[in-house]
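Enquirer: Please read through the structure below; I'll follow up with questions.
The values are calculated or read from the model by the stated rules, or taken from the named source; none is laboratory data. Keep in mind it's a predicted model, so treat the numbers as computed, not measured. Here the Cβ is made from the backbone with ideal geometry for all residues, glycine too, and neighbour counts use every protein chain on show. For accessibility, only protein heavy atoms count, side chains too; no ligands or nucleic acids. Shrake-Rupley method; radii C 1.70, N 1.55, O 1.52, S 1.80 Å.
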Amino acid sequence: MKSDITISELARLMNVSVHQIRYFEEKGVLLPAYLDNNQYRMYSMDQVYQLSHILLLRKLGVPVQSIKECMTSYSTDQYGQLLNHSLKEIHAEILRLQELQHFINRVLHEQKNFISHSNDYQIKWRETTYLARWIEMDSQITLNAKLLTEQAKSVPNLFESDLHFIEDNFSTITLYTETEAPGDFSLPSGNYLSTQRLIHEEDELEQVIEQFYSYAAVQSHVIQGPLILIERSYLSLFSQNQLHYELQALIEPTTHSERGNRS
């Protein structure tokens with residue numbers, strides 16, 4: 001009984017394709033032990049181990065053209081460095097995936113919240129929020145692509161963030177992003193009157209703002225701070241050609257505005 005195996009048997013054993021094995025042969029990193037009388041490629045245990053090492057190096061991100069050098073000249077220290085480098089890359093990828101998981105969960109939570117409370121008015125408790133200033137612009141100017149590109153300060157993953165538009169006075173609006181540490185501006189903790197809307201045209205937003213102030217007046221809510229317009233552009237995934245906005249304003253505490261009414 002022969003102890004060597006054919007290329008198809010080797011492919012089955014190592015869970016790879018015959019094409020992959022032939023490709024490794026073309027690149028000179030895995031040669032058969034010999035050709036039998038029928039010119040079939042035959043492989044021994046040496047080639048089985050070699051292929052296992054090749055597949056491991058490929059998992060570590062080593063290009064095929066560099067594998068031969070690794071297998072013939074790498075020292076123990078060099079292999080250790082290779083593995084440590086791979087560990088760093090894996091750790092970075094795990095962090096990236098964890099951040100992506102957090103973002104996806106946040107998008108799903110915000111969309112669920114919007115479906116439940118779209119067009120409603122709520123009293124929401126908000127903890128102290130720190131904001132970093134990004135763009136300051138004239139209140140008559142609409143945010144546009146040119147204005148974004150002219151900003152010296154770059155914001156990573158900008159449109160995956162909640163963007164806070166706050167009117168500083170009657171002529172200036174400042175665009176802020178949230179930050180963990182105290183920044184340029186902070187929103188105090190307290191009860192905030194809130195409503196969420198999908199907006200297609202700019203004039204729709206102006207109407208929503210007017211309705212917001214009218215509702216506050218009818219309900220005798222005393223607004224204590226500036227109107228905060230929060231843009232969640234990532235939610236437009238669910239509604240083409242419309243942007244999601246939440247309007248918020250800090251209101252004076254009343255006996256009816258309980259801290260337990262958080263959401």
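Enquirer: Just to check your reading of the model, which residue among R58, R12, R22 is closer than 25 Å to I90 by Cβ, of a type in the set (D, E, K, R), outside any loop (DSSP other than H, G, I, E, B) and out of contact with any Cys (no Cβ under 8 Å at 6 or more places or on another chain)?
Expert: R58
Enquirer: Please enumerate the residues belonging to the range 124-179 that are at pLDDT 90 or above and either of a type in the set (S, T, N, Q) or in a loop (DSSP other than H, G, I, E, B) (or both).
Expert: If the condition is that a residue be at pLDDT 90 or above and either of a type in the set (S, T, N, Q) or in a loop (DSSP other than H, G, I, E, B) (or both), then E127, T128, T129, D162, T174, T177, T179 are the ones that fit.
Enquirer: Separate question: Of the residues that make up the range 219-230, is at least one open to solvent by 50 Å² or more (accessible area, probe 1.4 Å) and among the small types (G, A, S)?
Expert: Yes: the range 219-230 contains one or more residues that are open to solvent by 50 Å² or more (accessible area, probe 1.4 Å) and among the small types (G, A, S).
Enquirer: In addition: Please work out which residue is nearest to S239 (Cα to Cα), limiting yourself to the range 188-214 and to residues that are of a type in the set (A, V, I, L, M) and in contact with a helix residue (DSSP H, G or I) (Cβ under 9 Å, 6 or more places away or on another chain). Please lay out each step first, then the result.
Expert: Just the residues of the range 188-214 that are of a type in the set (A, V, I, L, M), to begin with: 193, 198-199, 205, 208-209.
From what's left, in contact with a helix residue (DSSP H, G or I) (Cβ under 9 Å, 6 or more places away or on another chain): 193, 198-199.
Numbers: L193: 24, L198: 8, I199: 10 Å.
Taking the candidates together, the pick is L198.
Enquirer: Among the residues of the range 172-203, count how many are open to solvent by less than 60 Å² (accessible area, probe 1.4 Å) and within 19 Å of Q140 (Cβ to Cβ).
Expert: Matching residues across the range 172-203 total 5.
Enquirer: Still on this structure, please answer the following. Among (1) aromatic (F, W, Y); (2) closer than 26 Å to S239 by Cα; (3) open to solvent by less than 50 Å² (accessible area, probe 1.4 Å), where does Y121 come up short?
Expert: Answer for Y121: the failing condition is (3).
Enquirer: Criterion first (out of contact with any helix residue (DSSP H, G or I) (no Cβ under 6 Å at 6 or more places or on another chain) and within 29 Å of G190 (Cβ to Cβ)) does F159 satisfy it? Give the steps one after another, and end with the answer.
Expert: Numbers: out of contact with any helix residue (DSSP H, G or I) (no Cβ under 6 Å at 6 or more places or on another chain): no; within 29 Å of G190 (Cβ to Cβ): yes.
Spelling it out, it is not the case that F159 is out of contact with any helix residue (DSSP H, G or I) (no Cβ under 6 Å at 6 or more places or on another chain) and within 29 Å of G190 (Cβ to Cβ).
Enquirer: Of the numbered conditions (1) over 30 Å from P156 (Cβ atoms); (2) in a helix (DSSP H, G or I), M42 fails exactly one; give the number of that condition.
Expert: The one condition M42 does not meet is (2).
Enquirer: Here are some residues: S44, S3, S86. Which one is in contact with a Ser or Thr (Cβ under 8 Å, 6 or more places away or on another chain) and open to solvent by less than 40 Å² (accessible area, probe 1.4 Å)?
Expert: The conditions single out S44.
Enquirer: Could you grab me the full set of residues in the range 25-39 that are closer than 15 Å to Q50 by Cβ and outside any helix (DSSP H, G or I)?
Expert: Scanning the range 25-39 gives K27, G28, V29, L30, L31, P32, A33, Y34.
Enquirer: I need the full set of residues from the range 137-187 which are farther than 22 Å from L235 by Cα, of a type in the set (D, E, K, R) and touching a Lys or Arg at 6+ places or on another chain (Cβ under 7 Å), in order please.
Expert: The one that is farther than 22 Å from L235 by Cα, of a type in the set (D, E, K, R) and touching a Lys or Arg at 6+ places or on another chain (Cβ under 7 Å): D184.
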